[in-house]
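The block underneath contains the structure these notes are about, expressed in structure tokens.
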Amino acid sequence: MNQNSSYELFQRYSGNPILSVDNWPYKANSVFNAAAAQVDGKTILLARVEDYRGISHLTVARSSDGIKDWQIDPSPTLKPEPEKYPEELWGIEDPRLTWIQEMKKWAICYTSYSRGGPLVSLAMTEDFKTFQRLGSVMPPEDKDAALFPVKFNGLWAMLHRPTPKSALLGAHIWISFSPNLKHWGEHQEIINAREGGWWDANKIGLCAPPMQTKHGWLILYHGVRTTASGSIYRLGLILLDLENPAKVLRRTDEWIFGPKALYEREGDVDDVVFPCGWIKKDDKVFIYYGAADSRICLATVDFQELLNFVLKCPDNDYIIKRRQE
């Protein structure tokens, strides 16, 4: 294949998919969109599992190398509790994990599916066995949320993606701030979906949680291209200011990863790559992504190569000027 048409920044693991319903210890329709973390020397995936009702829950899988020999909890790890949390009536899905050093806990941002639509919920855990729910923290419709691991001017920060009722307004990434992780304000739209024929026109959203680097916060996001045969989900990068995460420094023009392999192009939802988790191990970044809403796959990239790539992308002044032309 011509290198110009096959190049992508991430390299797919040759043994993909790494997890699917074929590996699952109990009956399920699909396994995908997993959060990722390193805990006690092991890689933990908190996977979205959809049952045969169409309702999702979350289940932990553990591996020593983050690639194979996964030990999966024999039953759902975190199930919807609509009796106590009515916003979870139609399931919980698409988690993101952030280690909060100040609390010595993992924060889990996840999507609850309520009668009013999807919304952002938050839970805390120390061991991925017991969980403290904080309940819903954003009204519907809102999803694709993750916390930053540190405070800014004494406030916690969260990236998320509200969706307006009118599709004509587009779906963009916002940042909000909180003194206590429960009550959120100072809402700002900071990353816009582009317009027209772009790969990320009209609808974008956060993928994995922000990754801290010396140059800024590295953001992996998805863009949705609507075509005559359906939507295509691809990935891009953004760099946010280290001290002011509401400030965009860099953004990729081109997508850096998209559905090409058969396991990404065919499934319950075709043509989707959707990471909810990434981890940095030595000089490599491991990206765990849902493929076609049906299975979990792995891609890797050299960390410095990833950082060098985004640092060469257009800066925000150029992005704003181009939008005004």
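Estimated at 0.36 nm per residue, the fully extended path between HIS187 and GLU266 surpasses their Cα-Cα distance by 24.7 nm. Bridgeable aspartates and glutamates around LYS104 (alpha carbons under 20 Å apart, same-chain partners fewer than 8 residues away excluded): ASP40, GLU126, ASP127. Other residues with beta-carbon under 15 Å from the beta-carbon of TRP199 carry, at +1 per Lys or Arg and -1 per Asp or Glu, a net charge of 0.
Suppose the chain between LYS214 and ASN23 were pulled fully straight at 0.36 nm per residue; how much longer would it get relative to their current alpha carbon spacing? Before the final figure, lay out each step's value.
Details: separation 191, 0.36 × 191 = 68.76 nm, distance 3.87 nm.
Gain on stretching LYS214 to ASN23: 64.9 nm.
Could you identify which residue out of CYS109, CYS207, CYS313 has the top mean-square fluctuation in a GNM of the chain using Cα springs shorter than 10 Å? Among CYS109, CYS207, CYS313, the largest mean-square fluctuation in the Gaussian network model of the chain belongs to CYS313. Placing pseudo-labels 7 Å out from each Cα toward the beta carbon at LEU311 and THR226 gives an inter-label distance of 3.9 nm.
Legend: distances between Cα atoms for LYS42/LYS260; LYS42/LYS68; LYS143/LYS280; pairs beyond 22 Å are LYS42/LYS260; LYS143/LYS280. Residues in the range 151-195, backbone N under 11 Å from the label point at GLU102 (7 Å along the Cα-to-beta-carbon vector): list them, ranges by number please. Flagged as within label range: 151-157, 178-181. Phi-derived couplings, Karplus 6.51 cos²θ - 1.76 cosθ + 1.60 at θ = phi - 60°, listed residue by residue for the range 219-236: 10, 9, 10, 10, x, 10, 9, 8, 10, 5, 10, x, 9, 10, 9, 10, 10, x Hz, with x used for Gly and Pro. Once divided by 2.2 N^0.38 Å, the Cα radius of gyration of the range 15-324 becomes 0.93.
With a simple spin-label model that places each label point 7 Å from the Cα along the Cα-to-Cβ direction, the separation between TRP198 and LYS151 comes to 3.5 nm. Compared with the alpha-carbon gap, the fully stretched path from TYR52 to SER166 is longer by 37.9 nm at 0.36 nm per residue.
Every number here is computed from the coordinates shown, using simple stated rules; none is lab data. Please read all numbers here as calculations on a predicted model, not as lab measurements. Please note: Cβ atoms are built from the backbone with ideal geometry, for glycine as well, and neighbour counts cover all protein chains shown.
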